[in-house]
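The next block holds one structure in the form of structure tokens; read it before the comments.
No value in this document is a laboratory result; all are computed from the given coordinates. Just so it is clear, the structure is predicted and the values come from calculations on it, not from any experiment. Here the Cβ positions follow ideal geometry from the backbone for every residue, glycine too, while neighbour counts run over all protein chains shown.
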Ligand SMILES: [Mg+2]
């Protein structure tokens with residue numbers, strides 16, 4: 001049985017499509033997901049990094065983010081894997097300011113799945129940030145699932161327990177190939193990968 005770390009955005013919940021709709025309606029833009037080629041929102045939105053973070057908070061606290069859909073098959077597959085005895089932790093880059101609302105959304109869509117939710121407060125306006133690798137190390141994570149390769153690189157370098165870094169999905173910001181990680185094209189594929197580890 002494995003200890004498995006799971007990212008939230010674009011792994012459990014589909015953030016970018018809804019956030020782009022919100023941005024296009026509220027700011028008159030015509031952005032598409034391909035504009036987020038490196039997941040740095042401020043580059044697609046213009047303005048400063050701080051303004052982009054504040055904008056992102058505005059979105060998360062808006063009614064729009066109530067519509068974030070779980071990624072296809074995430075709920076079913078996680079329940080099956082959990083029933084099979086694996087232990088799951090959320091390891092997200094989300095910021096301290098939005099963790100209360102984040103916890104509510106996770107509880108609503110993924111009740112009883114996660115032992116604990118850890119946020120590293122990356123790209124924050126306040127407070128201390130830590131790395132996902134530190135959390136993986138602390139929890140002795142065997143499998144880490146993230147759509148952002150840069151977090152996986154850190155974990156590969158610093159987490160001896162990590163057997164299988166999984167790059168999740170095929171998004172404009174993660175088209176790179178790397179032999180040190182396994183690509184899961186979706187949750188059903190991920191279920192097969194975990195069965196083979
Ligand atoms: Mg993500």
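Annotations for the structure displayed:
- In the elastic network of the chain, a GNM with C-alpha springs shorter than 10 Å, the most mobile of 28, 85, 186 is 28.
- With Cα atoms, 0 to 90° folded angle of helix 16-27 axis to the chain main axis: 10 degrees
- Using a Gaussian network model of the chain in which every pair of alpha carbons under 10 angstrom is joined by a spring, one finds that among 133, 149, 52 the greatest mean-square fluctuation is at 52.
- Ranked for footprinting exposure by Cβ neighbours inside 10 Å, fewest first, 80, 183, 94 give 80, 183, 94.
- Rounded to the nearest 10 degrees, the angle from helix 149-158 to the longest Cα principal axis of the chain is 40 degrees.
- Among beta bridges that DSSP assigns inside the chain, antiparallel share in %, nearest 5: 10 percent
- Sequence of 82, 158 once ranked by neighbouring C-beta atoms within 10 Å, starting from the fewest: 158, 82
- Inter-label distance, residue 158 to residue 99: 1.7 nm, where each label sits 7 Å from its Cα along the C-beta direction.
- Whole-angstrom Cα spans of the chain along principal axes, big to small: 48, 32, 31
- Spherically averaged projected area of region 16-67 from its Cα convex hull (nm²): 3.2 nm²
- For the chain, the longest principal axis of the Cα atoms and the long axis of helix 74-83 meet at an angle of about 30 degrees.
- Result for the chain in a Gaussian network model with C-alpha springs under 10 Å: among 30, 95, 163, the largest mean-square fluctuation is at 30.
- Listing 65, 124 from fewest to most neighbouring C-beta atoms within 10 Å gives 124, 65.
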